[in-house]
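None of the figures in this text is laboratory data; all of them are computed from the coordinates on show. Remember, it's a predicted structure, so these values are computed and weren't measured experimentally. Counting neighbours? That spans all protein chains shown, and the Cβs are built from the backbone with ideal geometry, glycine included.
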Amino acid sequence: MRDDARPPAVFDLDGTLADAGHRQHFLEGRRDWSAFFAAAVDDPPLAQGVALARSSAEECEVLHLTGRPERCRRDTLAWLEQQGLPRGSLCMRRDDDRRPARHTKPEIPKRLARNRDVRLLVDDDELVCVAAERAGFTVLRARWAASSPGMRDAQEREGRT
């Protein structure tokens, strides 16, 4: 079956597939965004999210959706491949886009839904999940990683993840 004939399943990265806990300290106090994103190459995979993405690939086209900026594309693609995650489109934030994730992330499934039935969106950000549900999508909240107040604040105030 061709990928574009299968329904998409959309997976967030940080906190869903990748454990960003080891780099959260870069978001405390004065935020060091360069160091925060540079350290993403060392993120351990989150077993529950990875298993769900792999099983979803049996029936769906897996798409990766992240608030990481476009300048992180090469490292992010390498990380996805190293983890053996299903190949799929990688949708990233423009480098200059500082809107909150709850505004930027639901745009992708909305665009996909014009021509296809989106099967699922998986994300750890509660506000993204609520926005996606309000838009009519089936959402699975990724609650298998430790929550970070610094990350939540960064997603809402600075639109960086």
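Checking every residue in the stretch 33-46 against the condition of being in a strand (DSSP E or B), surrounded by 13 or more Cβ atoms within 10 Å (Cβ to Cβ) and not aliphatic (A, V, I, L, M) gives at least one match. Hey, any hits in the stretch 24-34 for a residue that's out of contact with any helix residue (DSSP H, G or I) (no Cβ under 6 Å at 6 or more places or on another chain) and among the acidic types (Asp, Glu)? No. Taking the criterion of being among the charged types (D, E, K, R), in a loop (DSSP other than H, G, I, E, B) and in contact with a helix residue (DSSP H, G or I) (Cβ under 8 Å, 6 or more places away or on another chain), would at least one residue in the stretch 1-23 satisfy it? Within the stretch 1-23 (the criterion being among the charged types (D, E, K, R), in a loop (DSSP other than H, G, I, E, B) and in contact with a helix residue (DSSP H, G or I) (Cβ under 8 Å, 6 or more places away or on another chain)), the answer is no, since none of the residues qualifies.
The number of residues in the stretch 59-76 being under 13 Å from the mean Cα position of the chain (by Cα) and within 22 Å of Val118 (Cβ to Cβ) comes to 8.
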